[in-house]
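Chemist: Can you read through this structure? Questions will come right after.
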Amino acid sequence: MTDLFRLFLTHPFIRHALAAAALSSIACGITGTFVVARRQSYLAGGIAHTVLGGLGAAVFLGLPPLLGALGAALAAGLLIGWISLRFSQHEDTIISALWSLGMATGVILLSLTPGYSRDLMSYLFGNILMVTTDGLVVLALLDMVIVAITALLLNQLTLVAFDYEQAAVRGLRADALNLLIICMTAVTVVVLMQSVGLILVIALLTLPAAAARRLTRSIGSMMLMAGILSLCVAIAGLGVSFALNLPAGASIILVTGIGYLLVLGMTALRTKPNQAAAISPDPNHAEENPHTTELHEAPE
């Protein structure tokens, strides 16, 4: 870590990597909480892998790759969200089909673009050490969108995430709010894409939030804790990558997985069987003050 700090002082790419980690942790903390609460990890994975099709199309047409990634992520999120609402009995099959179609389209288009065969690996597995200043600006703007939406609609989003039926009973536009959460997930996928790549993004999106759920007792503290854990594992992963000369994205995910297993083990030891209960905010208070909504631990 001392050498990493020395590089931080002398090499801009390390500063960019740490800045990208910090910006990614903001999106992870907020959106990851909603994804874990709604149990939408598989849906988020479908979005992540479909993004490669948009990346390939953008590169093939000579457009900015991030623009293609964002467009594909939002389109896939809206389509998958609509399908999950209307055809829930076939949701897994349809998401798998879109997942495979997006990946195949992206690989083919990138292979048809001269000079981009090497970049395919960076899209799939990320390269946080190659984040540019322009990339940081884009990440900051996407973070601002996520934070603004959450600040304006936190009460409603919290109730939809933790108690969809109750939100519908109260007259909230539950379907629209659920689609909004999915779109936030799509934006977060693009944010994380440069750090850990599309293949590994689902782990960084969900594991810190799942760990935070076992360590905190309110929705606000869960988001904060998930963001802190995301930043910590990213920095630790960079340290491991530098010390052992390993790929940065894979190192970050390895540290994330180990950290989650440690939290899972510690909380399992201290939790009595009769204390386990499903996570659910108190429907009488979630809409009024979700920041103090108590969360109860539940087995994964």
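Chemist: Rounded if a/c is under 1.5, else prolate if a/b is larger than b/c, else oblate: which is the range 2-292, with a ≥ b ≥ c the root eigenvalues of its Cα gyration tensor?
Modeler: Oblate is the answer for the range 2-292, as a/c is 1.5 or above yet b/c matches or exceeds a/b.
Chemist: Given a Förster radius of 22 Å and the C-beta distance between residue 133 and residue 61 as r, what FRET efficiency does 1/(1 + (r/R0)^6) yield to the nearest 0.05?
Modeler: It comes out at approximately 0.35.
Chemist: Between residue 15 and residue 107, what's the calculated FRET efficiency when r is the beta-carbon distance and R0 is 30 Å? Round to 0.05.
Modeler: Approximately 0.40, to the nearest 0.05.
Since every read-out is calculated from the coordinates, none of them should be taken as a lab result. These numbers were taken from a predicted model, which means no experiment stands behind them. Note that each Cβ is placed from the backbone with ideal geometry, even for glycine, and that neighbours are counted across all protein chains shown.
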